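Visitor: Here it is, the structure in full.
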Amino acid sequence: MKNLLCLVLLVSNGFAFGQSKETEVNRLHKQKFEWLINKNYDSLDWILDNQIKFIHSNGWIQSKQEVINDLKSGKLNYTSIDVNESSVIIYNQTAVVTGKGNFKGLMPDQSEFNIKLLYTEVYSKSKKRWKLVSRQATKI
């Protein structure tokens, strides 16, 4: 009986640990959207990996510096991002987030855009922090 109790505790602790990683990544991925809206450049610099491929639904591919520069110039301008659903799967030191959301913003000519997207984001954990290494979005 004692061995069974130890086994149950070990399994439940492992499950809780996995859940906390998933919860951490999901919270961080949603926080990143707030940073995009509020133009928190330092926070975006912290979460975006130097090698990131940020692929928009129109096929536009940006590097980390291009994302930050385009936010600063107004070329990239999100006004609201509502995540309707998201899920996280952890693979060792990699997390894959899939989600759906409504993305609103302004184009460089100040015309509004409002699109529903399905997206996949890949995070890698290095030196005890998660970094966004790849993002791709598709219109739905």
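Visitor: In the stretch 41-66, which residues are surrounded by fewer than 15 Cβ atoms within 10 Å (Cβ to Cβ) and of a type in the set (Asp, Glu)?
Guide: Within the stretch 41-66, Asp42, Asp45 meet the criteria.
Visitor: Of the residues Thr79, Thr98, which is under 22 Å from Asp42 (Cβ atoms) and among the polar types (S, T, N, Q)? Outline the logic, then answer.
Guide: Working: Thr98 fails: under 22 Å from Asp42 (Cβ atoms).
Of Thr79, Thr98, the one residue that is under 22 Å from Asp42 (Cβ atoms) and among the polar types (S, T, N, Q) is Thr79.
Visitor: So the check is Cβ under 6 Å with 6+ separation or different chains; which pairs have a first residue in the stretch 20-36 that's touching a residue at least 40 places away in the same chain (Cβ under 8 Å) and closer than 24 Å to Leu76 by Cα and a second one that's surrounded by fewer than 19 Cβ atoms within 10 Å (Cβ to Cβ) and not hydroxyl-bearing (Ser, Thr, Tyr)?
Guide: Lys30/Val83; Phe33/Ile81
Visitor: Mind listing just one residue for me: the one in the stretch 84-123 that is outside any strand (DSSP E or B) and in contact with a strand residue (DSSP E or B) (Cβ under 7 Å, 6 or more places away or on another chain) and, of those, modelled with the lowest pLDDT?
Guide: Applying the first criterion (outside any strand (DSSP E or B)) to the stretch 84-123 yields 92-93, 107-111.
Filter again for in contact with a strand residue (DSSP E or B) (Cβ under 7 Å, 6 or more places away or on another chain), leaving 93, 107.
Details: Gln93: 95, Met107: 87.
Among those that are outside any strand (DSSP E or B) and in contact with a strand residue (DSSP E or B) (Cβ under 7 Å, 6 or more places away or on another chain), it is Met107.
Visitor: Is it fair to say Leu76 is within 13 Å of the chain's Cα centre (by Cα) and surrounded by 18 or more Cβ atoms within 10 Å (Cβ to Cβ)?
Guide: no
Visitor: Moving to a separate point now. Please pick out the residue among Ser57, Ser20 that is part of a loop (DSSP other than H, G, I, E, B) and either of a type in the set (D, E, K, R) or at pLDDT below 95 (or both).
Guide: So the residue among Ser57, Ser20 that is part of a loop (DSSP other than H, G, I, E, B) and either of a type in the set (D, E, K, R) or at pLDDT below 95 (or both) is Ser57.
Visitor: OK, next. Given the criterion in a helix (DSSP H, G or I) and touching a strand residue (DSSP E or B) at 6+ places or on another chain (Cβ under 7 Å), identify the matching residue among Ile68, Ile52, Ile37, Ile81. It would help to see each step written out before you state the result.
Guide: Values: Ile68 fails: touching a strand residue (DSSP E or B) at 6+ places or on another chain (Cβ under 7 Å); Ile52 fails: in a helix (DSSP H, G or I); Ile81 fails: in a helix (DSSP H, G or I).
Matching residue, one of Ile68, Ile52, Ile37, Ile81: Ile37.
Visitor: Another question about this same structure. Any idea how many residues of the stretch 107-125 are out of contact with any Gly (no Cβ under 6 Å at 6 or more places or on another chain), surrounded by 11 or more Cβ atoms within 10 Å (Cβ to Cβ) and either closer than 20 Å to Lys64 by Cα or of a type outside the set (A, V, I, L, M) (or both)?
Guide: Looking only at that region, the number is 9.
The values are calculated or read from the model by the stated rules, or taken from the named source; none is laboratory data. Small disclaimer: the values here were computed from a predicted structure and weren't measured. Cβ atoms come from the backbone with ideal geometry, glycine included; neighbour counts cover every protein chain shown.
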